[in-house]
Ligand SMILES: Nc1ncnc2c1ncn2[C@@H]1O[C@H](COP(=O)(O)OP(=O)(O)O)[C@@H](O)[C@H]1O
Ligand SMILES: [Mg+2]
């Protein structure tokens, strides 16, 4: 793919005897959404760590926009437009929602100030709250947020840095049937605005509503990637991940009980 924004090639990673990545290669085009699935312990979060720079791969390369960023740390990668939400939300609990997002916006303000006119970090933070539907809780201490808002705050903080590549780690798990579509709409609108997304999610029907392509990891290896509906019908994916839930997840009106085993609420 010549228009790839992110190109990961031959990535390997182990923690002692545990192999979390073995020759993992994939690409994400600008403005494309890639879904990432696989059983617990497959190495999904570690792969996002390797792309975001909080973990260093043992082998392989990470290229952003044609530039090798394999040796760059997380801050330098954020500087180049990679933002991340964490599986376990970690806001600054003593700060309000707005203040949390302002931290990200201020950081991005410094980045963009180098290349263009200085940005108003406050306006950028407010914009991220609007996009994520959080203006009403802007002045709430983030430590007292309910689950949906904690997940939105993770996305808002990442968005405030105005990323080109957004890495999302399980933002839908535990949400109600009414909340889920809001998160789906949010991710879809970001993608439609040209932000490339890599989204790890066990809530498959949410993922399938948004992503352009799907990749399945198992024991650190890519066992399938491509068209989402082809991937979820692949025998290997059914065997190691979906089991008997595959019919249920492709049903037009799925219910939450069909979430595959391993879902973390
Ligand atoms: N920092 C670490 N030190 C040691 N082992 C780790 C570390 N991070 C992850 N692992 C192990 O790597 C494997 C993959 O973990 P992870 O990437 O979190 O999987 P997933 O997100 O797919 O559930 C697991 O066996 C996990 O225990
Ligand atoms: Mg994980």
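So, in nm, how far is label residue 74 from label residue 185 when the simple model puts each one 7 Å beyond its Cα toward the Cβ?
3.2
Determine the percent antiparallel among the DSSP beta bridges restricted to the chain, to the nearest 5.
55
What list of whole percents do you get for P(r) of the chain, with Cα-Cα distances grouped in 10 Å bins up to the one holding the largest distance?
7, 31, 36, 21, 4, 0
By per-residue mean of other Cβ atoms within 10 Å, what is the highest-first order of 129-138, 29-38?
The densest-packed peptide leads the list: 29-38, 129-138.
Can you put 15, 107, 26 in order, fewest other beta carbons within 10 Å first?
Ranking 15, 107, 26 by Cβ neighbours within 10 Å, fewest first, gives 15, 107, 26.
Using just the helices of the chain, give the 222 nm mean residue ellipticity in deg cm²/dmol: DSSP H runs with n ≥ 4 each add -39,500 (n - 2.57), and the total is spread over all residues, rounded to 500.
-9500 deg cm²/dmol
Arrange 237, 103, 231 by Cβ neighbour counts within 10 Å, fewest through most, would you?
With the sparsest Cβ surroundings first, the list reads 103, 237, 231.
Quick one: length gained pulling residue 12 to residue 176 fully straight, 0.36 nm per residue minus the C-alpha distance?
Stretched fully, the residue 12-residue 176 segment lengthens by 55.4 nm.
At what distance in nm do the modelled label points of residue 147 and residue 193 sit from each other, each positioned 7 Å from its Cα along Cα→Cβ?
A separation of 2.6 nm, rounded to one decimal place.
Where a number appears in this text, it was derived from the coordinates with a stated rule and is not lab data. Computed from a predicted model, the values in this text were never measured in an experiment. Here Cβ is always computed from backbone atoms with ideal geometry, including for glycine, and neighbour counts include all displayed protein chains.
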